1. Could we say that Val56 is more than 19 Å from the chain's Cα centre (by Cα) and among the aliphatic types (A, V, I, L, M) here?
2. Can you name the residue in the stretch 39-48 that is open to solvent by less than 60 Å² (accessible area, probe 1.4 Å) and in contact (Cβ under 8 Å) with a residue 12 or more places away in the chain and, of all such residues, is nearest to the chain's Cα centre (by Cα)?
3. Out of all the residues in the stretch 45-64, which are part of a loop (DSSP other than H, G, I, E, B) and over 24 Å from Trp86 (Cα atoms)?
4. Suppose the filter is open to solvent by less than 30 Å² (accessible area, probe 1.4 Å) and under 26 Å from Val106 (Cα atoms); does Leu192 pass it?
5. Would you mention how many residues in the stretch 14-38 are part of a strand (DSSP E or B) and exposed (fewer than 14 other Cβ atoms within 10 Å of the Cβ)?
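The values are calculated or read from the model by the stated rules, or taken from the named source; none is laboratory data. These numbers come from a predicted model, not from an experiment. All Cβ positions, glycine included, derive from the backbone under ideal geometry; neighbour counts span all protein chains shown. Note: areas computed on protein heavy atoms with side chains; ligands, DNA, RNA excluded. Shrake-Rupley method; radii C 1.70, N 1.55, O 1.52, S 1.80 Å.
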Amino acid sequence: MSSFFPARGSADPWFRLGRLEVGTTVAVAATVVMSWIAWVVFSGGLGAALGYYPAVLGSGQVWRLVTWPWANQLGLWPVLNLFLFWYFGSELEATIGRVKMAWLLVGIWASLTAAVSLVGLAFDGGLFGIGMIQFMVLLIWIAEYPTRRFFLAIPAWVVGLVLVALEVFEALGYRDFAPLFSLPLSLVLVALIGRRVGLLTGYPWIPGAPGRRRPRPAKQRSDRGQQRGMSDRARLDELLDRINETRLHRRSEAEKRELKKLSERLRGR
């Protein structure tokens with residue numbers, strides 16, 4: 001059990017409320033809690049107005065593309081989803097930081113929205129609430145730590161495989177074919193996003209690794225060092241010429257310090 005509940009690192013939060021560190025994961029979780037309050041106040045009507053399914057775009061309800069993660073209802077499973085989102089999301093955020101975690105969540109939202117919209121051209125489907133975002137966060141965590149142990153010492157990769165299989169079997173049971181196409185597409189897109197923000201480094205075959213600054217060629221560094229050495233020698237020669245013309249004690253203190261510095265630098269080469 002200790003491997004399932006590891007010691008957490010502290011990611012740099014956006015701000016603090018007393019002793020509570022508010023990072024990206026906590027901030028998103030707080031908005032979900034507020035959506036529950038709104039669901040209670042408006043008797044469920046607000047959630048129905050925020051959910052997304054591609055057919056509504058024809059009537060101009062484009063805001064649903066953005067608002068569907070907050071089309072939440074209050075209940076046991078939504079509370080469990082939020083807990084899992086917070087738990088696994090916080091550990092990922094401790095690894096990549098608050099900014100990349102924000103980009104990861106934006107990427108997950110965009111991937112799910114794009115996949116459902118594309119599949120929606122042929123099948124009915126929709127997105128409502130934080131559930132699918134939580135599911136993708138959990139799968140990324142499992143892919144990042146496949147050998148970590150859940151309860152009963154079950155490896156994380158086994159749990160992930162079972163969860164994906166359950167999603168597929170549920171869709172087949174309800175004859176809901178949209179998830180059979182949108183889920184694989186979403187997984188591919190989310191994997192690319194995860195790789196881009198610095199996760200999934202153990203899978204080099206996944207493209208999209210963040211670019212690295214190209215090191216300066218050794219020859220260029222050597223040329224610059226030689227140029228600097230030549231300028232030092234030129235300045236030293238100039239100072240020595242002045243010494244030949246006048247006595248050393250008549251030179252200013254600044255010139256004496258510069259002469260000493262240049263001599264030490266050239267001896268160091």
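1. yes
2. Quick first cut of the stretch 39-48, residues open to solvent by less than 60 Å² (accessible area, probe 1.4 Å) only: 44-45, 47.
Cutting the leftovers down to in contact (Cβ under 8 Å) with a residue 12 or more places away in the chain gives us 44, 47.
Numbers: Gly44: 32, Gly47: 28 Å.
Filtering first and then ranking leaves Gly47.
3. Going through the stretch 45-64, the residues part of a loop (DSSP other than H, G, I, E, B) turn out to be 51, 53, 60-63.
Listed by number, the residues that qualify are Tyr53, Gly60, Gln61, Val62, Trp63.
4. no
5. Of the residues in that region, 4 qualify.
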